[in-house]
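The values are calculated or read from the model by the stated rules, or taken from the named source; none is laboratory data. Note that this is a predicted model, so its numbers are computed, not measured. All Cβ positions, even for glycine, are placed from backbone atoms using ideal geometry, and neighbour counts span all protein chains on display. Note: accessible area is taken over every heavy atom of the protein model, side chains too, but ligands, DNA and RNA are not part of it. Shrake-Rupley method; radii C 1.70, N 1.55, O 1.52, S 1.80 Å.
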Amino acid sequence: MPIQLRRLLLLFSVFIIIFIVIRHFLVPDSFGEFGHYRGDALDEIASQEVKFMGNQSCVACHDSIGTLLIEGYHDYLQCEVCHGPGYQHNVNPVTYHLLKPMERTDCAKCHSQNKARAEDGIIQQDIDNHHPERKCIECHNPHQP
Amino acid sequence: MDPRFEHLYEALTKVDGFIYPNEIDLAWSVLIVLYPYITGLVAGAFILASLERVFKVKALKPTYAIALLTSFSFLLVATMPLIFHLGKPLRFFEILTTPHLTSAMAVFGFVYLWYLMVVLLLEIWFDYRHDLVIWSNQGRGMKKWIYKILTLGIKDISTEALSWDQKLGYAVTIIGIPSAFLLHGYVGFIFGSIKANPWWSTTLMPVIFLFSAMVSGIALVMVIFMLVNYIRKEKIDMKCLDTIGKFLLYAIIIDFALEALDQVHRFYVADESFDTIYLLMSGKLYITLIGMQIIVGTVIPLIVLGFMQFYKPKVKIRQWLYFITGILVLVGIFFMRWNVVIGGQLFSKSFNGFTSFKLDLIGAEGFLGAAIWMIVPFLILAFLLWLLPPWKKISEHF
């Protein structure tokens, strides 16, 4: 074998050994515990602060609004899509207040006319001409429109 | 307005028609445009070097070492745009320490290392070994020591050892050609395999990327070759330049044919995404696709280079024409990458709307941040040309 080749093989083996040693220190201990990721990541994510709670949690206290919602057209909306993330409120309902989206633009987020959106998904309304002088919630109950 | 929705309204001003929420902001911006651009330059420059060495186009000899060093200096930077695009750049090494062998993106680390360590470094080393030994005996100071280290302590320059250099170097070049194809075909593969995106998902993608890589690499070496000669106040070897021009022309023809094939196919098939794609090409991408990529980057160079195959103007004019076409081609291929990467994210996968993209000036993902990664390779190249000047080489390969 020519000397060049021998020297290169030596060099590459050194590289590979260094790589293996470094790898030993860099790979986190819990890696591969459950799959191709750091096992500890699961606990870390689970310990993060919760933001959204889902409708069941709200209905525990606001049961009348819950039934109102279920019976109306807004039945499959989440409370929190209008009121914002509710975890803090669930813990401290009296001190932490949620949003009350009462403006016309708040309803328009979903109901304004948009040619590109399928008509049968959400009923569209010509916001500029549909009773422009008053707020939507003066005529429509947001929980049972 | 409620501050919690402010960003939403601002973001919605960028949108035409209907678009899914996660499509408003582009996930891949100019750095991801640079990445295939730079890897393309690497692969293309290397293939030009192989033309000389493996396919025995002897007229290209003066560009051989320059092409290799160009390829090498761009390869060193190729990963930087990717790393700086990451949210956590310092974690990039994890892709190597915990390799995921069935992920195409994760495999890039290995394709890259293979190309860097086994192909380019070795080919340059075998090519320069004889000279390194000689230089390490001549100079003084730092430079001498760098040469000494680079020889890896081998002083043997007997004919037998040198003929081994030749044989091994040749073998590496042969391995290098498929590797260069792999390196850049791979980049096309990544885009081509995203099946939800009709602008990307075509089997032709790797091949198109490969040939556009050759086009840009050849143009780059041509421009650098002329610049190096200009700075050194040497006369340019016109036979060599004409030959590069000829191969550049061939590469552009193939590349253009493939891209045209891709588009014609899209027009003819006209599947459900076509209306959107047509709007994209005639609207948001009009300037960069029709103007920059096709007219500036392809048609004009085709005409100029084609013309020069039949009629050769005076040397001075020819040099200018080559130089300008080289630059045009480089600009054109940049916009080809732009149109693929940015274009593919401008339309909604619902095919009902578009978002828009504005390049910032500052920031890692801005114009200046990207410009850095286009300047650094030239600095590396200048350093390499100083350290390993091809014009001072004594040894010659066959």
Using only atoms on other chains, find how many Cβ atoms lie within 10 Å of each Cβ of peptide A:2-9 and report the average. 5
Among all stretches of chain B without exposed GluC sites (Glu not before Pro) (DSSP loop, at most 11 other Cβ atoms within 10 Å), which one is longest? B:1-233
Roughly speaking, what % of Cα-Cα pairs in the protein assembly as shown are separated by over 43 Å, rounded to a whole number? 36
First check a/c for chain A, with a ≥ b ≥ c the square roots of the eigenvalues of its C-alpha gyration tensor; if it is under 1.5, answer rounded, and if not, answer prolate when a/b is larger than b/c or oblate otherwise. prolate
Once both label points are put 7 Å beyond Cα along the C-beta direction, the B:Glu160-A:Ile65 separation in nm becomes 9.1
Label model pair B:Arg140, A:Ile20: point-to-point distance (7 angstrom along the Cα→beta-carbon line) in nm is 4.6
If we sort B:336-349, B:213-226 on the protection proxy, mean other Cβ atoms within 10 Å, highest first, what's the order? B:213-226, B:336-349
Between chains B and A, total accessible area buried, probe 1.4 Å, no ligands or nucleic acids, nearest 100 Å², roughly 2200
Just B:Leu152, B:Leu328, B:Leu82 to compare: in a GNM of chain B, with alpha carbon springs under 10 Å, which one fluctuates most? B:Leu152
Mind giving me the nanometre distance, one decimal, between the label points for B:Lys314 and B:Tyr20, set 7 Å out from Cα along Cα→Cβ? 6.2
For region B:373-388 versus region B:284-330, the gap between their alpha-carbon centres in whole angstrom: 26
Work out the mean other chain Cβ neighbour count within 10 Å for the residues of B:91-99 and drop it here as an integer. 4
Calculated from DSSP H runs of 4 or more alone, at -39500 (n - 2.57) each and per residue, what is the 222 nm mean residue ellipticity of chain B, nearest 500? -22000 deg cm²/dmol
Evaluate E = 1/(1 + (r/R0)^6) for A:His97 and B:His7, where r is the Cβ-Cβ distance and R0 equals 22 Å; express this FRET efficiency to the nearest 0.05. 0.50
Per-residue accessible area, 1.4 Å probe, largest first, puts A:Arg104, A:Arg7 in the order A:Arg7, A:Arg104
On average, how much accessible surface per residue is there in region B:237-357, in Å², for a 1.4 Å probe, leaving out ligands, DNA and RNA? 47
Radius, Kirkwood style, for region B:237-357 when every pair of distinct Cα atoms is counted (Å): 15.8
For chain A, with a Gaussian network of springs between Cα atoms less than 10 Å apart, report the residue from A:Leu69, A:Leu42, A:Leu99 with the top mean-square fluctuation. A:Leu42
Sequence of B:Tyr322, B:Tyr186 from largest to smallest accessible area, 1.4 Å probe: B:Tyr186, B:Tyr322
Using the Kyte-Doolittle scale, which helices in chain B average at least 1.0 and also have C-alpha atoms spread 18 Å or more along the helix axis, with helices defined as whole DSSP H runs? B:30-53, B:64-78, B:205-231, B:315-341, B:367-387
Accessible-area composition of the protein assembly as shown, carbon plus sulfur, in percent [1.4 Å probe]: 68
Less than 12 Å from a label point 7 Å out along the Cα-to-Cβ axis of B:His100: which backbone N atoms in region A:33-50 qualify, by residue? A:35-38
With contacts defined as alpha carbon pairs under 8 Å and 6 or more residues apart, what's the relative contact order of region B:237-357 in percent? 32
Stretch gain in nm, segment B:Ser282-B:Asp237, where the contour uses 0.36 nm per residue and the Cα spacing is subtracted: 11.9 nm
Taking a temperature of 20 °C and a viscosity of 1.002 mPa s, what whole-number D in µm²/s does Stokes-Einstein yield for chain B with Rh from Kirkwood over alpha carbon pairs? 95
Measure out, as a whole number of angstrom, how far apart the alpha-carbon centroids of region B:52-117 and region A:1-71 sit. 27
Filtering trypsin sites (Lys or Arg not before Pro) in region B:212-317 by DSSP loop and by at most 13 other Cβ atoms within 10 Å leaves B:Arg232, B:Lys233, B:Lys235, B:Lys314
Here the whole-number average of other chain Cβ atoms within 10 Å per Cβ of A:26-32 is 2
Alpha carbon centroid spacing (whole Å) that separates region B:208-245 from region B:155-202: 20
